[in-house]
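What follows is calculated from the coordinates using simple rules that are stated; it is not laboratory data. Because the structure is a prediction, the values reported are computed rather than measured. Positions of Cβ are generated from backbone atoms using ideal geometry, with glycine treated the same way; all protein chains shown enter the neighbour counts.
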Amino acid sequence: MASRTSNYGQYLIEYTFVDESISLIQNTVFYRLKQVDFDGAFEYSDIRVVRFDELGRGIHFSAYPNPTTNELSVMVSLSEGKAYQIEVTDLHGVKVHHENHTFTNGIHKLNTSEWNSGMYILQVATDKGSKYVKVMKK
């Protein structure tokens with residue numbers, strides 16, 4: 001559940017949101033807010049990370065740009081020599097990308113030019129657990 005208080009002119013606006021779309025296997029979720037003014041102008045907040053448990057402890061990664069167009073950069077940080085997998089699935093569970101690695105530098109470039117527009121789930125997994133992030137393809 002997210003909660004926020006804002007000042008709009010002389011008015012205090014308070015709101016909450018419960019994200020019921022989170023899967024029980026997700027342990028990290030990324031959020032950003034879109035604020036739309038009465039005249040239709042809008043802006044996005046910074047991205048916030050919410051972690052729900054310690055399942056993927058020791059796995060650190062980021063993916064950018066998000067949303068992406070033709071290439072997604074994935075930066076993975078693990079112990080030297082640690083085996084891991086990178087897997088990307090669409091929201092129907094169809095695998096669109098899979099790689100096996102042993103950690104050396106953790107820098108990966110994924111060609112997304114053939115992917116359809118939409119939401120994807122990027123997973124980095126080791127023998128200790130997995131971490132996930134949602135990625136949007138324009």
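Assorted remarks:
- Order of Ser21, Ser130 under a 10 Å beta carbon neighbour criterion, fewest first: Ser21, Ser130
- Treating r as the C-beta distance of Leu91 and Leu33 and R0 as 25 Å, the FRET efficiency rounds to 0.70.
- Which listed pairs, of Lys109/Lys137; Lys82/Lys137; Lys34/Lys109; Lys34/Lys128; Lys95/Lys131, have C-alpha distances above 24 Å, in listed order: Lys82/Lys137; Lys34/Lys109; Lys34/Lys128
- The listed peptides 92-103, 32-43, ordered by packing as a protection proxy, come out as 92-103, 32-43 (highest mean of other Cβ atoms within 10 Å first).
- HN-Hα J in Hz across the range 31-36 - Karplus 6.51, -1.76, 1.60, θ = phi - 60°, x for Gly and Pro: 10, 8, 9, 10, 9, 10
- Label point distance in nm, Ala83-Ile107, each placed 7 Å from Cα along Cα→Cβ: 2.6
- Full extension of the chain between Glu43 and Thr69 yields a length gain of 7.3 nm, computed as 0.36 nm times the residue separation minus the alpha carbon distance.
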